[in-house]
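Engineer: Structure provided below as structure tokens; questions to follow.
The values are calculated or read from the model by the stated rules, or taken from the named source; none is laboratory data. Values in this document were obtained by computation on a predicted structure and should not be read as measured data. When we count neighbours, we look across all protein chains shown, and the Cβ atoms used for this are built from the backbone with ideal geometry, even at glycine. The accessibility values were calculated without ligands, DNA or RNA, using every heavy atom of the protein model including side chains. Shrake-Rupley method; radii C 1.70, N 1.55, O 1.52, S 1.80 Å.
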Amino acid sequence: MPRDLTALPTALPVWAAPMAGGPSTPALVRAAALAGGLGFLAGGYRTPADLSAQVAEVRSSGVVFGVNLFAPNPIPVAPDAYRAYARALRPEADRHHVALAADTVTEDDDAWADKLDLLLRDPVPLVSFTFGLPHPDTVRALQDAGSLVAPSVTTPAEALAAAENGADLLVVQAPAAGGHSATLTPARPLAPIPLPDLVSDVRHTVPLPLIATGGIATPADTADALRAGAHAVMAGTALLRTHESGASAPHKAALADPAFTGTVLTRAFTGRPARALRNRFTDTYEPLAPLGYPAVHHLTGPLRRAATAAGDTDLIHLWAGTGHRLARVEPAADALTRLAAFR
Ligand SMILES: Cc1cc2nc3c(=O)[nH]c(=O)nc-3n(C[C@H](O)[C@H](O)[C@H](O)COP(=O)(O)O)c2cc1C
């Protein structure tokens, strides 16, 4: 059944992308909506209780918003490779006085059922997903509860699969994006396709409205993606240094630090491909890191938290898209309206 997208904002065709791990605060979501766009709470890594509290906080401001979840699509780690990686990381962990779970592999699903349950009991206008595609029954249940459903895709084939599962709209993510790739096949290298070309390819494959994301750093980037057929674009990295972003202080500083020479796609931090500022960790450990999510995420987590607390940017997962140098310290509304100022 075609669903009604008129509830979604069109005043500002630049939205705030979901960013788990701290950056996507309720204040950022609210600021995006008040600017005329839309923002997402990032449900990933959060406990259901925390997410519920954030939903209540944003809802109390009366704005239209979305919630993003990690849809299960596990990549079980090979136990030997996991242990070897833990051994390789041991000297870094020792330096930071943290213990790594070298003998315990954690393969959880980020409390998927509980978070879904929360969104069915307490529906929000829009629910997006990354990493996996929600089952058609899940899509239908969310729609019956009153939510629009937007899986993330990175290829036309993924778009087709998402459409067949009943999606209302799609987040189309190009490989320039900061943070984890939404790819459904993390073992396969990402094809280096520009966002407008990907949007155009997906638009010729499925008739759904598309939200384009990945590398939106200038008004021209927005114009190109909209011209290719996107309903709106979403910015992530461009918002990381804004006043409302909850990114850590070392992360915010590194994005503008000329000592960092660019970004790389790496699985070294979490066992799943993600784009980050190139640093000593990516240089040293990318060749050693196994594929395996969420096991590798849980393995390196204590080290990354300790490195963040110590401001040790050699070891932090400094998620960043290719346009990170253009991210400014400013109100989020200023970043979003600037990215929309192409007319
Ligand atoms: C720090 C960070 C965290 C992210 N977390 C999520 C997430 O939880 N869920 C998701 O669907 N995408 C996540 N992403 C990807 C963004 O939603 C978006 O696709 C990406 O930032 C767009 O590319 P850009 O960074 O070049 O703007 C994250 C990106 C960053 C930079």
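Engineer: ALA274 versus (1) within 26 Å of ASP224 (Cα to Cα); (2) away from the ligand (no atom under 16 Å from the Cβ): which is the lone unmet condition?
Structural biologist: (2) is the only condition that ALA274 fails.
Engineer: Scan segment 94-116 residue by residue and report those that are without any contact (Cβ under 8 Å) to a residue 60 or more places away in the chain, open to solvent by 50 Å² or more (accessible area, probe 1.4 Å) and not in a loop (DSSP other than H, G, I, E, B).
Structural biologist: ASP94, ARG95, ALA113
Engineer: Do we find that ALA102 is modelled with pLDDT under 95, in contact with a helix residue (DSSP H, G or I) (Cβ under 9 Å, 6 or more places away or on another chain) and farther than 21 Å from ILE211 by Cα in this structure?
Structural biologist: yes
Engineer: Here is a follow-up. Can you tell me which residue is least open to solvent (accessible area, probe 1.4 Å) among those in segment 1-25 that are more than 15 Å from the ligand (Cβ to nearest atom) and at pLDDT 85 or above?
Structural biologist: Among those residues, the one meeting the criterion is LEU12.
Engineer: Then there is this: Any idea how many residues of segment 223-269 are surrounded by fewer than 20 Cβ atoms within 10 Å (Cβ to Cβ), away from the ligand (no atom under 13 Å from the Cβ) and charged (D, E, K, R)?
Structural biologist: Total satisfying the criteria: 2.
Engineer: Further question: Given the condition on the phi < 0 side of the Ramachandran plot, within 13 Å of the ligand (Cβ to nearest atom), open to solvent by 10 Å² or more (accessible area, probe 1.4 Å) and in contact with a helix residue (DSSP H, G or I) (Cβ under 7 Å, 6 or more places away or on another chain), answer yes or no: does some residue in segment 326-333 qualify?
Structural biologist: Yes, segment 326-333 contains a residue that is on the phi < 0 side of the Ramachandran plot, within 13 Å of the ligand (Cβ to nearest atom), open to solvent by 10 Å² or more (accessible area, probe 1.4 Å) and in contact with a helix residue (DSSP H, G or I) (Cβ under 7 Å, 6 or more places away or on another chain).
Engineer: So, one more: Taking the criterion of being modelled with pLDDT under 95 and closer than 30 Å to LEU38 by Cα, would at least one residue in segment 332-343 satisfy it? Can you show your working first?
Structural biologist: Of segment 332-343, the ones modelled with pLDDT under 95 are 342-343.
Next, only the ones that are closer than 30 Å to LEU38 by Cα stay: 342-343.
Looking through segment 332-343, at least one residue is modelled with pLDDT under 95 and closer than 30 Å to LEU38 by Cα.
Engineer: When segment 63-104 is examined, which residues are found to be under 25 Å from the mean Cα position of the chain (by Cα) and of a type in the set (Val, Ile, Thr)?
Structural biologist: VAL63, VAL64, VAL67, ILE75, VAL77
Engineer: Which residue, of LEU288, LEU318, LEU299, is surrounded by 24 or more Cβ atoms within 10 Å (Cβ to Cβ) and within 18 Å of PRO91 (Cβ to Cβ)?
Structural biologist: LEU299
Engineer: Does segment 134-151 contain any residue that is within 15 Å of the ligand (Cβ to nearest atom) and either among the polar types (S, T, N, Q) or in a loop (DSSP other than H, G, I, E, B) (or both)?
Structural biologist: So far as segment 134-151 goes, yes, one or more of its residues are within 15 Å of the ligand (Cβ to nearest atom) and either among the polar types (S, T, N, Q) or in a loop (DSSP other than H, G, I, E, B) (or both).
Engineer: Something else about it: If only one of PHE70, PHE65 is within 26 Å of GLY132 (Cβ to Cβ) and open to solvent by less than 10 Å² (accessible area, probe 1.4 Å), which one is it? Spell out how you get there, then give the answer.
Structural biologist: Working: PHE70 fails: open to solvent by less than 10 Å² (accessible area, probe 1.4 Å).
Of PHE70, PHE65, the one residue that is within 26 Å of GLY132 (Cβ to Cβ) and open to solvent by less than 10 Å² (accessible area, probe 1.4 Å) is PHE65.
Engineer: Given the condition within 17 Å of HIS297 (Cβ to Cβ), within 16 Å of the ligand (Cβ to nearest atom), assigned to a loop (DSSP other than H, G, I, E, B) and out of contact with any helix residue (DSSP H, G or I) (no Cβ under 7 Å at 6 or more places or on another chain), answer yes or no: does some residue in segment 57-72 qualify? Give the steps one after another, and end with the answer.
Structural biologist: Let us first name the residues in segment 57-72 that are within 17 Å of HIS297 (Cβ to Cβ), namely 68-72.
Those left that are additionally within 16 Å of the ligand (Cβ to nearest atom): 68-72.
After this cut, where a residue has to be assigned to a loop (DSSP other than H, G, I, E, B) as well, the list is 71-72.
Keeping just the survivors that are out of contact with any helix residue (DSSP H, G or I) (no Cβ under 7 Å at 6 or more places or on another chain) gives 71.
Yes, some residue in segment 57-72 is within 17 Å of HIS297 (Cβ to Cβ), within 16 Å of the ligand (Cβ to nearest atom), assigned to a loop (DSSP other than H, G, I, E, B) and out of contact with any helix residue (DSSP H, G or I) (no Cβ under 7 Å at 6 or more places or on another chain).
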